[in-house]
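The next block holds one structure in the form of structure tokens; read it before the comments.
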Amino acid sequence: MRPSRTLVRALSAGTAAGLLAISLSACGGTESAGGSSDCKPAHELKTLNDGELTVASYDYAPATILDGDSVTGMEGDLIAEIAKLECLKVTVSTSGGAGAVIPSVQTKRVDIGSGNWLRTKERTKIVYMSTPLWSDPQAIVSTTGITSDDLEGKMVGSVAGNLWNDSMSKWLGDKFKIYQDDESIYSDLKAGRIDALVASSASAKYRFKDAPIEGAKVIDVKPNANVPQFAAVGQVMLPSSLENDALGKALDEDIQTLRENGTIKKILDKYGIDPSVGEPGAPSEL
């Protein structure tokens, strides 16, 4: 059974103060990469704690999958590969949910964030956005084949914090409902309390492997004048502090290395994602 995913994007930054730290080995076994004398880092980096890469994350499969004291998923696996390149041990901070990730990066409680964060114009002002990991098409999920052109007059749901929420709220008014977690929104879709929801295409398809909804269809959005955020496909990134430019640039180079050596393609394929999304093109912002 797929782990339960609780997506609480609206939590305040203050919840990050009590972050739960889970130490994970980056080089396999129980030895940390930072403690291995024969490990040669790709870059000379300054991180929050020497020899560690501290990551704020939450459960949002298939991007991040928290299971006990480990995090996998597409980003979890990629971060582990980056840590190997830099001879670092990974420490994952999980308390506070999605709402604590970006604030934790901004306030330097962690080195990087994880959990399907998209490159946006607004985020350029508050974090260093890594070069794109992969593209992430957004989709309309329904049991009747509703598309992004058919939303007017329908009851539509979205999870708090999604980029398109303000635009859709203005467009659909009281027909648009914001949820605080993934489980509730899919439960309402299954029960017919909403006609459709807007979500990551990859996330929805991955969810339905273990928790199918009869007749559910996942249809990628098309440009819509009412929702400017649908004009382009989002690019996923790893956010880091604007004040640690060296770390951000090292992440860019490590991601490019892992793209060129085929690692990113293998990770995407492992989680059933079309490897072609691992070639997102030049960096862009929504």
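The values are calculated or read from the model by the stated rules, or taken from the named source; none is laboratory data. Predicted model only: the values in this text are computed from it and were never measured. Cβ sites come from the backbone with ideal geometry, for glycine too, and all protein chains shown count toward neighbours. What goes into the accessible areas is simple: the full protein's heavy atoms, side chains included, and nothing from ligands, DNA or RNA. Shrake-Rupley method; radii C 1.70, N 1.55, O 1.52, S 1.80 Å.
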Quiz item: Among the residues of region 76-98 satisfying the criterion of being hydrophobic (A, V, I, L, M, F, W, C) and over 25 Å from S203 (Cβ atoms), which is surrounded by the most Cβ atoms within 10 Å (Cβ to Cβ)?
Solution: L88
Quiz prompt | Test: residue in region 221-237 that is exposed (fewer than 14 other Cβ atoms within 10 Å of the Cβ), touching a residue at least 40 places away in the same chain (Cβ under 8 Å) and more than 22 Å from D166 (Cα to Cα) | solution = no
Quiz item: Considering G145, G153, which residue is part of a loop (DSSP other than H, G, I, E, B), within 17 Å of A216 (Cβ to Cβ) and at pLDDT 95 or above?
Solution: G145
Quiz item: touching a Phe, Trp or Tyr at 6+ places or on another chain (Cβ under 9 Å), open to solvent by 70 Å² or more (accessible area, probe 1.4 Å), under 25 Å from E86 (Cβ atoms) and modelled with pLDDT of 95 or more, is that true of L242?
Solution: yes
Self-check item: Residue tally, condition open to solvent by 10 Å² or more (accessible area, probe 1.4 Å), under 24 Å from S135 (Cα atoms) and not aliphatic (A, V, I, L, M), over region 62-75
Solution: 1
Quiz prompt | Top-ranked residue in region 57-103 [being of a type outside the set (A, V, I, L, M), touching a strand residue (DSSP E or B) at 6+ places or on another chain (Cβ under 8 Å) and assigned to a helix (DSSP H, G or I); ranked as nearest to N162 (Cα to Cα)] | solution = E75
Exercise. Collect the residues in region 170-183 that are farther than 21 Å from W117 by Cα, free of Cβ contacts under 8 Å to residues at least 40 places away in the same chain and not charged (D, E, K, R), keeping them in residue-number order.
Key: L172, G173, F176
Self-check item: Answer from D274, D195 - the residue that is touching a residue at least 12 places away in the same chain (Cβ under 8 Å), on the phi < 0 side of the Ramachandran plot and open to solvent by 10 Å² or more (accessible area, probe 1.4 Å)
Solution: D195
Quiz item: If a residue has to be within 22 Å of V71 (Cα to Cα) and open to solvent by 10 Å² or more (accessible area, probe 1.4 Å) to count, how many in region 120-138 make the cut?
Solution: 3
Quiz item: Of the residues D149, D188, which single one is among the acidic types (D, E) and touching a residue at least 40 places away in the same chain (Cβ under 8 Å)?
Solution: D149
Exercise. Select, from S158, S93, the only residue that is touching a helix residue (DSSP H, G or I) at 6+ places or on another chain (Cβ under 6 Å) and of a type in the set (S, T, N, Q).
Key: S158
Self-check item: Only listed residue being open to solvent by less than 10 Å² (accessible area, probe 1.4 Å), in contact with a strand residue (DSSP E or B) (Cβ under 9 Å, 6 or more places away or on another chain) and within 18 Å of D252 (Cα to Cα), chosen from G157, G113
Solution: G113
